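This report refers to the structure that appears directly beneath it.
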Amino acid sequence: MVDFLQFVVNGMMIGGVYALIALGIVLICKSSAIFNFAVGEMTMVGAFLMWTFFDVLGLPFFVSIALTLIGSGFLGFIMQRLAIQPLIGQPLLSAMLVTLGLSYICLLYTSDAADDLLCVDLGGRRIIKKKITHIGI
């Protein structure tokens, strides 16, 4: 019974995160009439910022949350001002391609951080586990 309650609480928490992401997608799409392909990556950047502040730098939990909110908000503001706002009145395809480009830029930070998490030390050399699986395939 304890396991069942734990699964219910975990499911509710994960569902809440999914609901917030879905609300963000709908809000952006309805307000700008552009589907932003970078929403998932922006969420992932926020998660990696929190991990960096809390786990890597060892800052207190609430300080990490505050810095994550400030950093994510600043990143969203910069992306909107430099990439999205100049596209007002431009063809829809160009705006969608810019959001795909922003998505790729966000992946650069998160993939480097994820690769650091997924490394194996072999003989004093760091090898990324992903590359080991590529060799196996």
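For every residue, the table says whether it meets (1) modelled with pLDDT of 90 or more; (2) in contact with a helix residue (DSSP H, G or I) (Cβ under 8 Å, 6 or more places away or on another chain).
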| position | (1), (2) |
| --- | --- |
| 4 | no, no |
| 27 | no, no |
| 31 | no, no |
| 35 | no, yes |
| 48 | no, yes |
| 63 | yes, yes |
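When the residues of region 19-47 are filtered to those that are in a loop (DSSP other than H, G, I, E, B) and under 18 Å from the mean Cα position of the chain (by Cα), the one that is surrounded by the fewest Cβ atoms within 10 Å (Cβ to Cβ) is 35. Entry remark, region 68-101: residues being among the β-branched types (Val, Ile, Thr) and exposed (fewer than 13 other Cβ atoms within 10 Å of the Cβ) number 3 in total.
Of all residues in region 90-131, those being modelled with pLDDT of 80 or more and not in a helix (DSSP H, G or I) number 2.
Per-residue answers, yes or no, for (1) surrounded by fewer than 18 Cβ atoms within 10 Å (Cβ to Cβ); (2) within 17 Å of the chain's Cα centre (by Cα); (3) touching a residue at least 40 places away in the same chain (Cβ under 8 Å):
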{"residue": "17", "(1), (2), (3)": "yes, yes, no"}
{"residue": "49", "(1), (2), (3)": "no, yes, no"}
{"residue": "59", "(1), (2), (3)": "yes, no, no"}
{"residue": "66", "(1), (2), (3)": "yes, yes, no"}
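In this structure, is residue 37 within 14 Å of residue 106 (Cα to Cα) and aromatic (Phe, Trp, Tyr)? It is true that residue 37 is within 14 Å of residue 106 (Cα to Cα) and aromatic (Phe, Trp, Tyr).
The values are calculated or read from the model by the stated rules, or taken from the named source; none is laboratory data. All values reported here derive from a predicted model rather than from experimental measurement. Neighbour counts run over all protein chains shown; Cβ positions are idealised from the backbone, glycine included.
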